[in-house]
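Student: Please read through the structure below; I'll follow up with questions.
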Amino acid sequence: MKNVMDTLRERGFIKQTVYEEELYEKLGSESVPFYIGFDPTADSLHVGHFMQLIAMKHMQDAGHRPIILIGGGTGMIGDPSGRTDMRSMMTRETVEYHVSCFKKQMARFIRFDGENGAIVVNNADWLLNLNYVDFLRDIGVYFSVNKMLTAECYRSRMEKGLTFLEFNYMLMQAYDFLVLNRKFGCLLQLGGDDQWSNILAGADLIRRKEHKAAFAMTFTLLTTSEGKKMGKTQKGAVWLDENKTSPYEFYQYWRNTADADVEKCLKLLTFLPLDEIAALTQYKDERINHAKEVLAYELTKMVHGEEKANAAQSEARGAFGGEGEMPEKTVPAETQTILQALIATGLCKSNGEARRLVEQGGVTVNGEKVTDVNAPLPASPFTLFKGKKVRLRVIVG
């Protein structure tokens, strides 16, 4: 079987590793238990987690066992990485509910039974009852404050103030790796490159304290060609929960991927063969739109299933390509003006937003641009366009 490290490198995942040759040999010759951590800060995973899920599946398919670490303990402190403010703390009940939601979503990507079946663990089980003095004597002795302060996750917080609460985060994440190594033989931690300092600290702790092999590997962050993190819209995060981001909105997010980012996203987020991806993305003109459709369909199918992916694609083609079915919305019979229709369909959240959209020329009804937010509605049904991307067939009553 092909070494999974080759697969990850070819598809553009790997950013940094340590003891690379030794890790490559282990991944090619034995089953390596590995872990990825997830902060339970919401009741759904989002696009920012997507790469971790795909990488986990690549690893599991190659014979390696995933350990999903839920940060129920560290989540009560808050990871300072990539933050300019302090995270809010959660109750244990909230964390447990979020864990149950995560597992349902992850089951679309990885197996929880059979050989190399994934396991879910919660670091609250060992962090919440720690004796602090014993922890400092046992673990803190291996950490240099001077070295910790050079880590990007801490340096970026120094200006606004880094609490001692957050300063403990690196020690606790390193301790997680040590516990998983002792309990499950975990040899490798994976994560986004913004976690490099924390992940490296865990591998270093195991090597120094246990005198055993331990490895770290980080992935490139999912960003656009302009360097912005993917997975955000004007409405906020793009969620995997269809109640937060509908399959149609999810499909449209990926269908609107910039031309320059399509090939990278197909490599990182789908399982299509590389030669097929190369064929899809060889054109730099309007033919790249077919590759965008494939990307949107494949990801929607993975997250929401084939039936909802087919429906989303059909709606999108109906709205923008003259094929398939246009999405439809029924509004109350008392809806009489364009402003009321924009609110009732959910295209705008407030009267102010609706007024601004009309004033900026962003609303079209039955092919004609709207200039008066209080203009009466045409006969039902009618087509309502918000900008160039969102189109609805509206039925009144």
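Student: Name the one entry in 345, 364, 383 that is of a type in the set (Val, Ile, Thr), at pLDDT 85 or above and more than 20 Å from residue 253 (Cβ to Cβ).
Tutor: Going through 345, 364, 383 in turn, just one is of a type in the set (Val, Ile, Thr), at pLDDT 85 or above and more than 20 Å from residue 253 (Cβ to Cβ): 364.
Student: If you go through region 341-360 one residue at a time, do you hit one that is assigned to a strand (DSSP E or B), in contact with a strand residue (DSSP E or B) (Cβ under 6 Å, 6 or more places away or on another chain) and surrounded by fewer than 20 Cβ atoms within 10 Å (Cβ to Cβ)? I'd like the intermediate steps shown before the answer.
Tutor: So in region 341-360, the residues assigned to a strand (DSSP E or B) come out as none.
No, region 341-360 contains no residue that is assigned to a strand (DSSP E or B), in contact with a strand residue (DSSP E or B) (Cβ under 6 Å, 6 or more places away or on another chain) and surrounded by fewer than 20 Cβ atoms within 10 Å (Cβ to Cβ).
Student: Kindly evaluate residue 51 against the criterion of being under 30 Å from residue 232 (Cα atoms), modelled with pLDDT of 95 or more and in contact with a helix residue (DSSP H, G or I) (Cβ under 9 Å, 6 or more places away or on another chain).
Tutor: In short, no.
Student: Could you list, ordered by first residue, the pairs with Cβ atoms under 7 Å in which the first is in region 294-309 and within 17 Å of residue 49 (Cα to Cα) and the second is acidic (Asp, Glu) and open to solvent by 10 Å² or more (accessible area, probe 1.4 Å), at least 6 apart or interchain?
Tutor: That search, which allows pairs on different chains as well, returns 304/242.
Student: Tally up the residues in region 232-264 that are within 14 Å of the chain's Cα centre (by Cα) and in a helix (DSSP H, G or I), please.
Tutor: The qualifying residues number 3.
Student: Condition first: over 30 Å from residue 100 (Cβ atoms) and surrounded by 11 or more Cβ atoms within 10 Å (Cβ to Cβ). Now tell me which residues in region 114-138 satisfy that.
Tutor: 136, 138
Student: Only one of 237, 203, 213 is modelled with pLDDT of 90 or more, aliphatic (A, V, I, L, M) and open to solvent by 20 Å² or more (accessible area, probe 1.4 Å); which? I'd like the intermediate steps shown before the answer.
Tutor: Values: 237 fails: modelled with pLDDT of 90 or more; 203 fails: open to solvent by 20 Å² or more (accessible area, probe 1.4 Å).
From the options 237, 203, 213, the qualifying one is 213.
Student: Go through region 371-381 and count every residue that is farther than 13 Å from residue 336 by Cβ and surrounded by 13 or more Cβ atoms within 10 Å (Cβ to Cβ).
Tutor: Matching residues across region 371-381 total 1.
Student: Additional query: Those residues that are part of a helix (DSSP H, G or I) and either at pLDDT below 95 or closer than 21 Å to residue 123 by Cα (or both), I need them from region 2-48; list them, please.
Tutor: To start, the set of residues in region 2-48 that are part of a helix (DSSP H, G or I) comprises 4-10, 20-29, 47-48.
Selection gives 47, 48.
Student: In region 265-309, how many are within 15 Å of residue 11 (Cβ to Cβ) and either open to solvent by 10 Å² or more (accessible area, probe 1.4 Å) or more than 18 Å from the chain's Cα centre (by Cα) (or both)?
Tutor: The qualifying residues number 12.
The values are calculated or read from the model by the stated rules, or taken from the named source; none is laboratory data. What you are looking at is a predicted structure, and each value in this text was computed from that prediction instead of being measured. Methodologically, a virtual Cβ is constructed for each residue, glycine included, from the backbone with ideal geometry; neighbour enumeration extends over all protein chains shown. Heads up: the accessible areas ignore ligands, DNA and RNA and are worked out on the full protein's heavy atoms, side chains in. Shrake-Rupley method; radii C 1.70, N 1.55, O 1.52, S 1.80 Å.
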